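Quick note: the coordinates plus some simple rules give every number you see, no bench work behind them. All of these numbers come straight from a predicted model, not from anything done at the bench. Neighbour counts run over all protein chains shown; Cβ positions are idealised from the backbone, glycine included.
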Amino acid sequence: MKVFSYPEGPRRRGGWRKGLGGAAILIMGALVAWYLLSPRGPGERPPTPLPPVELPTPTPSPPPLPTPFSQAERNPLKEGSLERAWIRIVKSAFILELYEGRDLVRTYPIATGSALGDKRSQGDRRTPVGRFSISQIQPSSSWTHDFGDGKGAIKGAYGPWFLRLKTGWKGIGIHGTHDPDSIGKSVSEGCIRMFNADVAELRRRVRPGTPVIIEP
């Protein structure tokens, strides 16, 4: 008895299975595409990331400026006074201003006490603040001073003139210096230093009794 074989059978069954697998893949792809593209409710939509926000860098507040004297306080000349010249010193700006009445005549660079603030005690290296006057004008070319830096007594440390101030503190005045590089700095022991040529010029314009106002 002759048995017939079907050589094409297994190949056909294998093709049928591959066809089902391909159809399944296509269906799954369509479902995924439909899920991704279909609109969703508010509760299902993923949150939209917010754009980064750059916060401003905080800048430190500048220290408050010292309150200057009012214009009335800055003009110490009384009505009918024969005195015309007066001096205004601004420590924070390192300047000395010479006035004739209300007119600014000249501005000079200066040096002030090495310690900041108003004077509190003798020897604290602070320049006093307030309303004062010149008590004496003394030649000081031959004067010496020991600054305690190991160099000993320095001749000419006060320049050619010392304009002594009536402040209530001992030894405070306006004077020249042997160290012109110190002008514009806080370096003195409490006095007001000037260039020697400037203090010589200033001395010719003032006299004992000339008002002096020193501001912070």
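For Cα pairs less than 8 Å apart in space and 6+ apart in sequence, what is the mean separation divided by the residue count of region 112-151, i.e. the relative contact order in percent? Before the final figure, lay out the partial values.
Details: 26 pairs, mean separation 10.3, N = 40.
With pairs under 8 Å counted, the relative contact order is 26 percent.
For region 78-169, with only Lys/Arg (+1) and Asp/Glu (-1) charged at the beta-carbon, what is the dipole magnitude about the Cα centre, in debye rounded to 20?
140 debye
Find out how many positive minus negative residues lie around HIS178, taking Lys and Arg as positive, Asp and Glu as negative, among other residues whose Cβ is under 12 Å from that of HIS178.
Cβ neighbours under 12 Å give a net charge of +1.
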